[in-house]
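Structure first, commentary second.
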Amino acid sequence: MSIWIIFKLLGSLALLMFGMKSMSEALQKMAGPQLRHVLGAMTTNRFTGMLTGMLVTASVQSSTATTVMTVSFVNAGLLTLAQAISVIMGANIGTTLTAWIMSAGMSFDITSAVYPAFFMGIILIYQKKYRYIGDFLFGLSFLLLGLGTLRATGTEMHLGENQALLNFFASFDPTSFVTTLIFLLLGGVLTFCVQSSAAVMAITMILCSSGALPIYQGIALVMGENIGTTVTSNLAAMSANTQARRAALAHMFFNVFGVIWILAIFRPFIDMVCGWVGYDVAMDKEVAGTAAFLANSAKLSFVLAAFHTTFNVANTLILIWFIPQIEKFVCWVIKSKRVDEEEDFRLHFITAGFMKTPELSVLEAQKEISSFSERMQRMFGMVQNLLNMSSSSSNKEKSNEAEFNKLFTRIEKYESISDNMELEIAQYLESVSDAHLSDDTKAKIRAMLREVSELESIGDSCYNMARTINRKYAAKQDHFIEKQYEHLHQMMGLTDQALTQMNQLMGGRKEAYNINRTFNIENEINNYRNQLKAQNIVDVNNHEYTYAEGTIYIDLVNECEKLGDYVVNVVEARMGTRQRD
């Protein structure tokens, strides 16, 4: 075997993998948002969930994309884990469409048909309106060209006549259960190493259709691919949150259980699938002749695709009735971590290792920003409590002082968390923006970068207020008079209203939000700030309190007004309106 043929084989596999990736990403750009809405609306029970998973995966040609969407909905509370498991079962059926596309590419010479598709694709790419269709055509063309080249290379290598290869496969006893287990393990390891079940499936189809690899060993490789791809997702999910790891484990359980019961009826099941396709399992090359044997072997790519589909459909029909039990099992294996909110510095939704689909990664980032927003309102609530505690004891009892210092330390910790969250979310969005994205998604990323910057500024404002209150408390200065406390509570109440409106927008759909609510509250805050500043001058002149106390008082008022401005900036970024001066 020449080095040229080896490079041709590797190059055609690379073409196939690149085409698969490009086609999937183009489909997600075209249909991603709509499919997310379908996924959220159609999973009312286990059967509609299964059908939805099948539809979405067949549409975007990526079970990983479907799993990512599903897990994000579980995290958001839109789906239960049980519904997510049904969607993942459907995704296993939907992904078998890939095997049928590949078997067609292996059975017919389609390389000449891809060149018109390339030509049409480049025309559409340069037309802004249809460029995603062009990207899809390019991806599909690369996929088919890779398959066609792989098929031609396999023919050129004469694998069915390569005595060394035939002797290698013949050294395994075809009737032995150990042989099946060896090829099962080999398929899993290859898929794990290559990180692409499609590539290993293509190699299996080449070996089988050339007559080099017997069908039973080929099927064992396919079964190993099913397990290998779940091992990859489980390792990737190790850094993810609890629900993501449970979903990945449910996916692995589904495939491992299927492999176990298939092994119990291995040969009868394969013989049944071969009978459907019209493949003669018992044909002998010496008796039937080389031509008839190779013609029979050419059907093996369809046998592999038919087995892949039948296996996943049968497995789903069995396990769909036991979803509650599967849910209990994965929850028992992966228990929720009880972590104090203030001590949990990890991001909850963004898991860089688990995200393989840039368009859908934006959805995860949005969930993280929504969590960031809620955390900032909790931080502001602590500042309000700190103000209350500073006025609760005139003699600064030790117990009160300890509680005050503990709360101030928590606010400091929150400020550090807000800095870390801004940095990590921004870095994640920058890494996502390096991928090929739609214009809408690029605009979303720009808006989200602005959102995290403004949310971090809200954290800074909260910390500035806490430091001001702490400075006054530590200096053992006189308390604000009752009127000042009333004004500060009213100002902070308006600011908290603005934060509540912001979080309603961040956690919901912007189409249902009226931005005038935020503007109205901001106007109230501005007017009240102006009123309090004017009143402060009068009160200082009337010697109701000292100038120094008035300065601290107005610092808190001004900081609330600045925080309100940051809230407006977050809302404008989310709504896609122009930032005001």
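General observations
- Accessible surface of F168, taken over heavy atoms with a 1.4 Å probe and every protein chain present, rounds to 110 Å².
- Cut-off 17 Å, label 7 Å out along Cα→Cβ of E482, residues of segment 539-558 by amide N: 544-545
- Extension gain, A282-T500: 0.36 nm per intervening residue step, less the Cα-Cα distance, totals 71.3 nm.
- Efficiency of FRET between E156 and D439 - r from beta-carbon atoms, R0 45 angstrom, step 0.05: 0.55
- Solvent exposure of S431, expressed as accessible area, is near 70 Å², computed with a probe of 1.4 Å over the protein chains only.
- For peptides 256-267, 442-453, 84-95, sequence by mean Cβ density within 10 Å, most packed first: 84-95, 442-453, 256-267
- Computed lengthening from I122 to F177, 0.36 nm per intervening residue step minus Cα-Cα distance: 14.7 nm
- A474 versus Q490: modelled label distance in nm, points set 7 Å from Cα along the beta carbon direction: 3.2 nm
- Violating pairs (Cα-Cα greater than 30 angstrom) within the set K8/K442; K406/K562; K510/K533; K413/K562: K8/K442; K510/K533
- Computed from the C-beta positions of Y547 and R378 and an R0 of 30 Å, the FRET efficiency is 0.30 to the nearest 0.05.
- Distance between the 7 Å Cα→Cβ label points at T80 and I260: 2.4 nm.
- The heavy atoms of L185 offer some 120 square angstrom of accessible surface to a 1.4 angstrom probe.
- Were the residues from W332 through R267 laid out at 0.36 nm apart, the gain over their Cα-Cα distance would be 19.9 nm.
- Here the spin labels are modelled as points 7 Å beyond Cα on the Cα-Cβ line, and at N388 and S431 they lie 4.1 nm apart.
The values are calculated or read from the model by the stated rules, or taken from the named source; none is laboratory data. Fair warning: this is a prediction, and the values are worked out from it, not measured in the lab. Virtual Cβ from ideal backbone geometry, glycine too; neighbours counted across all protein chains shown. Surface accessibility is based on the protein's heavy atoms, side chains included, excluding ligands, DNA and RNA. Shrake-Rupley method; radii C 1.70, N 1.55, O 1.52, S 1.80 Å.
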